[in-house]
Amino acid sequence: METTRDIRFDERFNYRRRMLIVFFMTFGYLIVEVIGGLLTQSLALLADAGHMLTDVGGLAIALFAMWFAERPPTPQKSYGYYRAEILAALVNAVILIFISFYILYEAYRRFIDPPIVLALPMMTVAVVGLIVNLIGMRLLHAGSKESLNLKGAYLEVLSDMLSSVGVIIAALVMLTTGWYLADPIISVGIGLFILPRTWGLLKQAVNILMEATPEHINLEEVGKTMASVEGVKEVHDLHVWTLTSGKYALSAHVTITKLQAWPVIQNMLETLLADRFRIDHTTLQVSAKPGHRIEEIEFPQERG
């Protein structure tokens, strides 16, 4: 009989295989786009290649995280290697910020002295990129509803699809009107599109490293939900943080009315936190209701 664990493993394997296909497709097109941008003198293509680098980096980080998540913890790294994904995201964000500013600087130069761009080859390369991105979106769409990691990868490919559309529009303008300023204008748009997304990635990575409360979690709501469980008197010293994308941890002190009921209450709390807030790693310290003496508790007799 196939267990839930087996089903989840099969789903992860399927999602990873799809992401690997999208990664190689995107990486291959990135090389084509850089070569095409250099040969056609199109800054828009090079700018889109910079944006494509975001996708390649994001997909690589997602794959890297999936692989590292399967490595067992060690005495030196008790949480395993989850944070490697965050460090990679931080480096990726810093590099992309520099790329975005370079695109804006190069666009400024081309406003002053716009070069002649080979619009037809430029558009051909962009159309190929659009097809690649549409296929990638198709492969990742189902998984994006199940995994935050895959959702991030899906949004990477979606945003690059929009950039490909922008390059095609610039090429059409140059083909029909000969107005070569369309190339740096679209490039500025792509550069400005990358910056906020990159800043968001940088902010998220720093927040995780600082062990901030995840954005989608309301700490007060978590405390009230835990306190609503039957037998729980109070919840305090509550902390929630992110281990890596999609994996959250919680620690709290829980005051209960009867210590004998703790195994049942603990199971209820862990199930509730996992189902409602996607928090799977919990550390709960229990204490009895003030005034409840431990001598009053009747422990089961040991079987001889």
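Key figures
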{"item": "ASP183 vs. criteria closer than 25 Å to GLU85 by Cα, modelled with pLDDT under 80 and touching a helix residue (DSSP H, G or I) at 6+ places or on another chain (Cβ under 8 Å)", "result": "no"}
{"item": "Single condition TYR81 does not satisfy, out of (1) at pLDDT 75 or above; (2) more than 24 Å from LEU172 (Cα to Cα)", "result": "(1)"}
{"item": "Scope region 235-257; condition surrounded by 15 or more Cβ atoms within 10 Å (Cβ to Cβ) and either in the same structural domain as ASN92 (by TED's automatic domain parsing) or of a type in the set (D, E, K, R) (or both); matching residues", "result": "LYS247"}
{"item": "Count of region 191-206 residues which are crowded, with 16+ Cβ neighbours inside 10 Å and either among the aromatic types (Phe, Trp, Tyr) or not assigned by TED's automatic domain parsing to the domain that holds SER164 (or both)", "result": "1"}
{"item": "So LEU195, is it in contact (Cβ under 8 Å) with a residue 60 or more places away in the chain and either over 30 Å from GLU270 (Cβ atoms) or among the basic types (Lys, Arg) (or both)", "result": "yes"}
{"item": "The listed residue being within 28 Å of VAL206 (Cβ to Cβ), modelled with pLDDT of 90 or more and of a type in the set (Gly, Ala, Ser), out of ALA227, ALA252", "result": "ALA252"}
{"item": "Options HIS292, HIS239: the member that is in a strand (DSSP E or B) and either over 28 Å from MET66 (Cα atoms) or at pLDDT 90 or above (or both)", "result": "HIS239"}
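Yes or no, residue by residue, for (1) within 17 Å of ASN92 (Cα to Cα); (2) not in a helix (DSSP H, G or I):
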{"residue": "LEU172", "(1), (2)": "no, no"}
{"residue": "PRO184", "(1), (2)": "no, no"}
{"residue": "LEU195", "(1), (2)": "yes, no"}
{"residue": "GLU215", "(1), (2)": "no, yes"}
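The values are calculated or read from the model by the stated rules, or taken from the named source; none is laboratory data. Quick caveat: nothing in here was measured; it's all calculated off a predicted structure. Neighbour counts are summed over all protein chains in view; Cβ atoms, including those assigned to glycine, are modelled from backbone coordinates with ideal geometry.
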